[in-house]
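Each remark here refers to the structure printed beneath this line.
The values are calculated or read from the model by the stated rules, or taken from the named source; none is laboratory data. A quick note: this is a predicted structure, and the numbers were derived from the prediction, not measured. In this analysis, Cβ positions are derived from the backbone assuming ideal geometry, glycine residues included, and neighbour counts consider all displayed protein chains. With ligands, DNA and RNA removed, areas are computed over all heavy atoms of the protein, side chains included. Shrake-Rupley method; radii C 1.70, N 1.55, O 1.52, S 1.80 Å.
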Amino acid sequence: MHSVLSAETIEFQPIGDVRGELVALEGKRNIPFEIKRVYYMTGLSPEIPRGFHAHRKLEQIAICVMGSCRFILDDGRFRKEVWLRTSRQGLYIGNMVWREMHDFTRDCVLMVLASEVYDEADYIRDYEVFRSQASKDEKS
Ligand code: TYD
């Protein structure tokens, strides 16, 4: 049983010099899983939220490499809000966490590292189905 919501921010250590900043992301090193997929979102709007789903197995790290946005995370028991405002930070989102992304700045580039390749069957897109699955998982 999870006592705390499985979503937390990770600080990356940038390598910086006069030329600028470099952040390296490596599976099983500063990213807690092997990275099987990377995707990113651009052309986002402040008034159009995204997400509204959970994953049965998938783990992810979301990084705002540019701009900012607000995540709402929910494991069926706890709900929390996280602002991503720096490319030096990643948000780890474990499996069975409902996520919503809001308040994208126009320049936002949201990059996601994922532990598995894309599989629509891993999604739970209905909040009530998610709640009932989360409470079943808690009892088992
Ligand atoms: P979705 O995960 O629903 O986006 P969001 O939660 O950010 O609103 O994905 C949007 C669409 O893109 C959906 O039709 C599935 C497709 N998609 C892929 O084909 N491959 C991928 O790796 C991802 C993340 C989405």
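Below, the figures for the structure above:
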read-out: Sorted peptide list for 34-47, 83-96, criterion being average Cβ within 10 angstrom, highest first; value: 83-96, 34-47
read-out: Whole-Hz ³J(HN,Hα) from phi, Karplus 6.51 cos²θ - 1.76 cosθ + 1.60, for region 7-19, glycine and proline x; value: 7, 8, 8, 10, 8, 8, 9, x, 9, x, 8, 4, 7
read-out: Computed [θ] at 222 nm, helices only, for the chain once each DSSP H run of length n ≥ 4 contributes -39500 (n - 2.57); value: -3000 deg cm²/dmol
read-out: Inverse of mean 1/r across different Cα pairs in region 40-140, Kirkwood, Å; value: 13.9 Å
read-out: ³J(HN,Hα) computed for each position of region 69-82 - Karplus, 6.51 cos²θ - 1.76 cosθ + 1.60, integer Hz, glycine/proline x; value: 7, 10, 9, 10, 10, 8, 9, x, 10, 10, 10, 9, 10, 10
read-out: Interchain or long-range residues, amide H under 5 Å from F52's placed H; value: R99, E100, M101
read-out: Ranking by accessible area, most exposed first, for E128, E116 with a 1.4 Å probe; value: E128, E116
read-out: FRET efficiency for E128 and V18, using Cβ-Cβ distance with R0 set to 41 Å, rounded to 0.05; value: 0.15
read-out: Tilt relative to the chain, helix 127-139 - C-alpha long axis, 0 to 90 degrees, to 10; value: 80 degrees
read-out: 5 angstrom amide H check on G76, placed H, neighbours 5+ away; value: W98
read-out: Packing rank of 105-113, 53-61, where each peptide gets the mean count of other beta carbons within 10 Å, highest leading; value: 53-61, 105-113
read-out: Interchain or long-range residues, amide H under 5 Å from E59's placed H; value: S115, E116
read-out: Carbon plus sulfur fraction of accessible area for region 8-116, probe 1.4 Å, in percent; value: 49 percent
